[in-house]
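Student: Can you keep this structure in mind? I'll have questions shortly.
The values are calculated or read from the model by the stated rules, or taken from the named source; none is laboratory data. Given the structure is predicted, the values throughout are model-derived calculations rather than measurements. When we count neighbours, we look across all protein chains shown, and the Cβ atoms used for this are built from the backbone with ideal geometry, even at glycine.
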Amino acid sequence: MSPLGLFSVGRYTAAAEPLVITLKGVTKRYAMVTALEEVDLAIPPGSIFGIIGKSGAGKSTLLRIMSLLESPDRGEVYYGQERVDTLWGAALRERQRNMGMIFQNFNLMASRNVSGNIAYPLEIAGLHRGDIHERVEELLELVDITDKRKARLRELSGGQKQRVAIARALAVNPEVLFCDEATSSLDPLTTRSILSLIRELREKLRITVVLITHQMEVIRAICEEVAVLNEGRVAERGTVRDLFDNPRSAAARELLHGDVRGIERSDADE
Ligand code: ADP
């Protein structure tokens, strides 16, 4: 058993069954700006849930609140039955240890090679050297970059860097993976390969994936359910199919329109 008590080295499976994440009446203001207003949302466990909206809609704020990096001014956040927005100290850290996060700009450490980056959260968690080595090898294999284990970050493509970031995020077996515009700086082909990796990992590890993006094609490629955020409010939510077949809100129609134009542009390029 590892000091974390979260996973056994040598297994891919997540330690805990993911829990439904529920937001009730979540409101957040920054000075004069209302970033979120009365947001109600339930993220089904084990789903790939998309949150889409244009810039300034409140997506990052929502993600920071769901990942307990910030507290709402009003409202409540639950993981399963447990209210989590009021947690602090050791209980907060314990809950956050069940979350992994990946970002648009990868947030990797340039001073460490690929293995060193993936090992970092395991070192923080106090694992023994041998266990860290074994777990890093397992993670390299999981994201299919075994041949890059000793590479410096500058030798990697964007897609390979995101694979390292995914491996690092999954190192301590979180039950939820938050993706913050994780493919926004990648070309379409690399975006597709990262999205299919995320889908594969969800199947293999049975984790919940919450993905924020401004790109409709990302939602279409990978998500099952989606919430459209507009000016801090949920404009609509439902299945991805419904959103594309029958968008009910002006915000969704605007995002879809932008997407269609984007597809036409890339077709014309070919
Ligand atoms: P998105 O991720 O959809 O682009 P954000 O959640 O970043 O939206 O921002 C929502 C609104 O809240 C914006 O008007 C933004 O300027 C404001 N905002 C977000 N974070 C802060 C902050 N730390 N201080 C002040 N205003 C903020």
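Student: From the list 194, 132, 166, 118, pick out the single residue that is more than 25 Å from residue 46 (Cα to Cα) and either at pLDDT below 95 or crowded, with 19+ Cβ neighbours inside 10 Å (or both).
Tutor: Details: 194 fails: more than 25 Å from residue 46 (Cα to Cα); 166 fails: more than 25 Å from residue 46 (Cα to Cα); 118 fails: more than 25 Å from residue 46 (Cα to Cα).
Unique residue meeting the criteria: 132.
Student: Quick check on region 91-102. Is at least one of its residues of a type outside the set (A, V, I, L, M), at pLDDT 95 or above and either within 16 Å of the ligand (Cβ to nearest atom) or at negative phi (or both)?
Tutor: yes
Student: While we're here: Is it fair to say residue 87 is out of contact with any Gly (no Cβ under 9 Å at 6 or more places or on another chain), surrounded by 14 or more Cβ atoms within 10 Å (Cβ to Cβ), modelled with pLDDT of 95 or more and over 22 Å from residue 179 (Cα atoms)?
Tutor: yes
Student: Being buried (at least 24 other Cβ atoms within 10 Å of the Cβ), among the hydrophobic types (A, V, I, L, M, F, W, C) and either away from the ligand (no atom under 16 Å from the Cβ) or under 11 Å from the mean Cα position of the chain (by Cα) (or both) narrows it down to one residue among 205, 211; which is it?
Tutor: Numbers: 205 fails: buried (at least 24 other Cβ atoms within 10 Å of the Cβ).
Matching residue, one of 205, 211: 211.
Student: With respect to residue 42, determine if the residue is closer than 24 Å to residue 222 by Cβ and either in a strand (DSSP E or B) or away from the ligand (no atom under 13 Å from the Cβ) (or both).
Tutor: It is true that residue 42 is closer than 24 Å to residue 222 by Cβ and either in a strand (DSSP E or B) or away from the ligand (no atom under 13 Å from the Cβ) (or both).
Student: How many residues does region 11-21 hold that are surrounded by fewer than 19 Cβ atoms within 10 Å (Cβ to Cβ) and modelled with pLDDT of 95 or more?
Tutor: Total satisfying the criteria: 1.
Student: Of the numbered conditions (1) assigned to a helix (DSSP H, G or I); (2) in contact with a strand residue (DSSP E or B) (Cβ under 7 Å, 6 or more places away or on another chain), residue 196 fails exactly one; give the number of that condition.
Tutor: Here residue 196 clears every test but (2).
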